[in-house]
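Here is the structure we will look at, set down as structure tokens.
Laboratory data are not the source of any read-out in this text; all were calculated from the coordinates shown. Keep in mind it's a predicted model, so treat the numbers as computed, not measured. A quick note on method: Cβ atoms are made from the backbone with ideal geometry, for glycine too, and the neighbour counts reach across all protein chains shown.
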Amino acid sequence: MFNHKIATIGSHSALQILKGAKDEGFSTIVICIKNREKLYKLFDVADEIIIINDYKEFPKIQNKLKKEKAIIIPHASFIAYLGLKTIEKLKIPYYGNKKILHWESDRNKEKKWLAKSKLNLPKIFTKAEKIDRLVIVKLHGADGGKGYFLAKDKDDFIKKTKSQPKQNYFIQEYIIGVPIYIHYFYSPITNQVEIMGFDKRYETNVDSLGRINSYDQLDLPKKMIDPSYVVIGNFPMVVRESLLPKILEMGQNVVKASQKIAPPGLFGPFCLETILTSESKFYTFEISARIVAGTNPYINGSPYTWIKYNEPMSTGRRIARDIKQAIEQNKLEKILY
Ligand code: AMP
Ligand code: AMP
């Protein structure tokens, strides 16, 4: 047992994070809103459950967490519910480099970072008149892919946006290929970038449109068959082994570039969201600089972590192991901010 405890907010990948922390010998704390506690009780992953009325109340329980020597593990819900400004001001130990959050949350900065990492990116159109190919139009601040639409050219874009209130669209080249979400882990303790696994998302309704043949689709109101990309769950995946060297290089380049733009750089889990074309070219359309929910199918480890660790090693457990090794080697200052 360690002096430090591992804490996270009850949602997204909390079950995985807490289970992984317990497997590494840590006591755990989950902070959740009312009624969510039942889930964490059922799975018995939290030694302590703190209930708050609203996630916005999180800063108020900081002192309590501090006294308990809690280390907070961020995930998408943590970022979504607390917001960047609040997170920056938190005074409890946080696993991750907070400076990276700015590079990830601002689309322009994110693009700069990915380009510096020598990754192929889908072309971005800042002016509608310049659209010369199939594009996916994303709404800024849209909650998980709602309201996205495709436009085949400039005229199509104008037609589709004409009746909509004026807003800030993010227009990106649509890449035809298969989506692959690559899960990585970089540890400043071992100085190694690891491939943790892959997933593909289950999105509604874009993943259900193929169940209605085009003949029937023509009879349906447009509103019913407009694609949306709201994530519901994730499927595990393995990729052709011949793709792995390239995938590893991509992860290593992202880490290297991050060390220049936001020293000491990115560490812990991260994910490249890519589309792979039939010419085996990866296009990266987004980066997540933290644990992604696509790692949840691998709570007992992925095929790749099984090869490397010979014991169940989820991303959640890998985080706890990083913290454990940092404690043992007196290097906590390298991973806590
Ligand atoms: P939730 O905890 O379900 O309320 O989600 C909080 C944030 O995490 C939202 O921004 C979601 O879009 C994101 N999120 C939750 N689950 C997933 C998932 N399986 N894949 C990708 N993002 C997710
Ligand atoms: P996002 O909200 O950016 O994660 O995108 C939601 C979904 O849209 C992804 O899971 C992909 O399936 C799809 N997508 C996003 N960007 C592109 C793109 N440039 N080309 C093709 N598909 C994309």
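Values computed for the structure shown
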{"item": "Inter-probe distance in nm under a simple model that places probes 7 Å from Cα toward Cβ, at Lys146 and Leu209", "result": "1.9 nm"}
{"item": "GNM top mover of Leu119, Leu220, Leu90 - the chain, alpha-carbon springs below 10 Å", "result": "Leu220"}
{"item": "Cβ-placed point charges (K, R +1; D, E -1), dipole of segment 5-94 about Cα centre in debye, nearest 20", "result": "320 debye"}
{"item": "Proxy reagent accessibility, fewest Cβ within 10 Å first, across Trp306, Trp113", "result": "Trp306, Trp113"}
{"item": "Cleavage-rule hits, trypsin sites (Lys or Arg not before Pro), segment 126-205, DSSP coil, Cβ neighbours within 10 Å at most 16", "result": "Lys127, Arg133, Lys146, Lys152, Lys162, Lys166"}
{"item": "Reachable aspartates and glutamates from Lys152, criterion Cα separation under 13 angstrom, eight or more residues apart if same chain", "result": "Glu129, Asp132, Glu173"}
{"item": "Evaluated at q = 0.14, 0.16, 0.25 Å⁻¹: base-10 log I(q)/I(0), Debye formula over Cα of segment 226-320", "result": "-0.64, -0.84, -1.52"}
{"item": "Principal axis dimensions, the chain - Cα atoms, whole angstrom, descending", "result": "62, 44, 35"}
{"item": "GNM result for the chain, Cα springs below 10 Å: residue of Tyr81, Tyr40, Tyr298 fluctuating most strongly", "result": "Tyr81"}
{"item": "Fewest-first ranking of Asp226, Asp155, using other Cβ atoms within 10 Å as the exposure measure", "result": "Asp155, Asp226"}
{"item": "Chymotrypsin sites (Phe, Trp or Tyr not before Pro) within segment 182-232, DSSP loop, no more than 11 other Cβ atoms inside 10 Å", "result": "none"}
{"item": "Antiparallel bridges, percent of DSSP beta bridges restricted to segment 10-161 (to nearest 5)", "result": "35 percent"}
{"item": "Partner lysines for Lys146 [C-alpha distance under 20 Å; skip if fewer than 8 residues away on the same chain]", "result": "Lys138, Lys159, Lys160, Lys162, Lys166, Lys200, Lys222, Lys223"}
{"item": "Least to most buried among Ile124, Ile319 (fewest other Cβ within 10 Å first)", "result": "Ile124, Ile319"}
{"item": "Amide H contacts under 5 Å for Tyr186, placed H, 5+ residues apart", "result": "Glu194, Gly268, Phe270"}
{"item": "Positive-end extreme of charge dipole, the chain - chosen from Trp113, Gly20, Gln192 (charges on Cβ)", "result": "Trp113"}
{"item": "Dipole of segment 179-318, positive end: most advanced residue of Ile275, Gln252, Ser208 [Cβ charges, Cα centre]", "result": "Gln252"}
{"item": "Over 18 Å [Cα-Cα, segment 119-244], rounded percent", "result": "65 percent"}
{"item": "Volume per residue of the C-alpha convex hull in segment 124-173, rounded to whole Å³", "result": "72 Å³"}
{"item": "Percent of beta bridges antiparallel (DSSP, the chain, rounded to nearest 5)", "result": "75 percent"}
{"item": "Convex hull volume per residue in cubic angstrom - Cα atoms of segment 272-314", "result": "98 Å³"}
{"item": "Extreme residue, positive dipole direction of segment 124-173, given options Thr161, Leu134, Ala151 (C-beta unit charges)", "result": "Thr161"}
{"item": "Sites Leu134 and Leu244 - FRET efficiency at Förster radius 30 Å, r taken between beta-carbons, to 0.05", "result": "0.50"}
{"item": "Value of relative contact order over the chain, rounded to a whole percent, pairs C-alpha under 8 Å and six or more apart", "result": "21 percent"}
